[in-house]
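Below is one structure, written out as structure tokens; comments come after it.
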Amino acid sequence: AGGYFLSLLSYNTLDHLSVSIASSPIGESAAESVVSQLLTPGKGDLAALAIGALGPCVTAPIFEEILYRGFLLPALVRFMPLRLALPVHAALFGLHHQSLRGLLPLSALGLIWGMLYVASGNLLVPILVHAMWNSR
């Protein structure tokens, strides 16, 4: 629960900062609008709602956490100290989401979820926090 609340606090703070820095629609991702459309289907389309919820709330957290915390972070630690590998992997996580406006807050989430993984030694911890985050 603490990881989720820390995620919420840092994301909201940095999102407000990002809005003031890059308030241009240029940095917005087409993928974000697709996800928004899937999560808010029209005319009570339950199949679209189920598919829309499954991707961002279940499969994305699993695959992204395996990729970034399970694979990339340990690989980076082989070549650099953890204190450098954490922000590098977090920045790559933020860049992966292809939103200029979301770069800072999403990188902060990547950093927090990376620290949760390092502290717990269990990939399930950031997977669950990520799933809770995407389900909000």
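No value in this document is a laboratory result; all are computed from the given coordinates. These numbers were taken from a predicted model, which means no experiment stands behind them. With ideal geometry, Cβ positions are generated from the backbone for all residues, glycine too; neighbour counts draw on all protein chains shown.
For segment 61-90, the tally of residues that are surrounded by 22 or more Cβ atoms within 10 Å (Cβ to Cβ) and out of contact with any helix residue (DSSP H, G or I) (no Cβ under 8 Å at 6 or more places or on another chain) stands at 0. Only residues that are closer than 15 Å to L8 by Cα and assigned to a helix (DSSP H, G or I) were counted across segment 116-136, and they come to 9.
Among the residues of segment 43-58, at least one is out of contact with any Ser or Thr (no Cβ under 6 Å at 6 or more places or on another chain), on the phi > 0 side of the Ramachandran plot and not charged (D, E, K, R). Based on this model, can you work out whether F93 counts as of a type in the set (F, W, Y) and touching a helix residue (DSSP H, G or I) at 6+ places or on another chain (Cβ under 6 Å)? Judged against the criteria, F93 is a match.
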